[in-house]
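The values are calculated or read from the model by the stated rules, or taken from the named source; none is laboratory data. Here the structure is a predicted model, which means the values were calculated and not measured. Here Cβ is always computed from backbone atoms with ideal geometry, including for glycine, and neighbour counts include all displayed protein chains. Accessible surface is based on the protein model in full, side chains and every heavy atom, while ligands, DNA and RNA are left aside. Shrake-Rupley method; radii C 1.70, N 1.55, O 1.52, S 1.80 Å.
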Amino acid sequence: MGGGLAGSIPLLLGIFLRIGISLGPHSGQGIPPMFGDYEAQRHWQEVTVNLPMDQWYVNGTDNNLLYWGLDYPPLTAYHSHLMGRIANFFNSSWITLHTSRGTEEYTHRIFMRMSVLVAEAVYLTPLLFLSNRITAQHSGTTAKVAHMLLVVLAPGQALIDHGHFQYNNISLGLTLCAVALLLSQSIYWGSVMFALALNYKQMSLYHALPFFFYLFAPRYNTLAGLKQVWSEVYSTKLYLSGTA
């Protein structure tokens, strides 16, 4: 079996799994007043399209932060704005300020579900193939297929993004790209990709410690070097504390 055909089998299984999950209800469906994370993502589209940028994170009469206030970093806000523009093209009532709260009509659910699938196809899937090629370049076809299966069939990511409703695939894709670039000795661009992941979702902080040590280890691989790292980190902490 060719490497390309073998690699497509896990991908097809992953697509079928995600479509199957998407056919089910999302978290909070039909349960007022908050309607779950699906409504949070829709509401952020409403806010970012209808309000000026300097009001996206500010509490006000048109942006009640107690009702799914935008609490993710700026790249999420820009993504919500893009999705909101597309939603407005299809049906402006989906993101009308105030009156669109709790929108769960069938066509809108299709739009939202497809937006997650498209995001995964654009951000996560190509980078998965790239990282698989880099990390398993000395492995046989069986090992590469196993690696792909472990990733695309991981229940946590599939259930949270396509069932509960999130766009974790974007931050995970950027993080995966960062790992692949670092392993290719592209330190600068790997760091840029991880910074983008952090600026999309703060969840990427879970991966920050390995990145930190990977980037600093080549420079400070002695006891004296480690002391210097600690000194620099402590100095930075004092500086940030003083400017907070």
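Report whether or not Pro218 is within 30 Å of Ala87 (Cα to Cα) and open to solvent by 70 Å² or more (accessible area, probe 1.4 Å).
Here the answer is no, as Pro218 does not meet what is asked.
Output the residues belonging to segment 67-87 that are open to solvent by 50 Å² or more (accessible area, probe 1.4 Å), modelled with pLDDT of 95 or more and either within 20 Å of Phe35 (Cβ to Cβ) or part of a loop (DSSP other than H, G, I, E, B) (or both).
Trp68
Under 9 Å between Cβ atoms, which residue pairs at least 6 apart in sequence (or on different chains) link something in segment 23-44 that is more than 16 Å from Val116 (Cα to Cα) with a partner that is at pLDDT 95 or above and among the β-branched types (Val, Ile, Thr)?
Final answer for the pair search is none.
For segment 37-55, state whether one or more residues are of a type in the set (S, T, N, Q), under 30 Å from Lys144 (Cβ atoms) and open to solvent by less than 40 Å² (accessible area, probe 1.4 Å).
No, every residue in segment 37-55 fails to be of a type in the set (S, T, N, Q), under 30 Å from Lys144 (Cβ atoms) and open to solvent by less than 40 Å² (accessible area, probe 1.4 Å).
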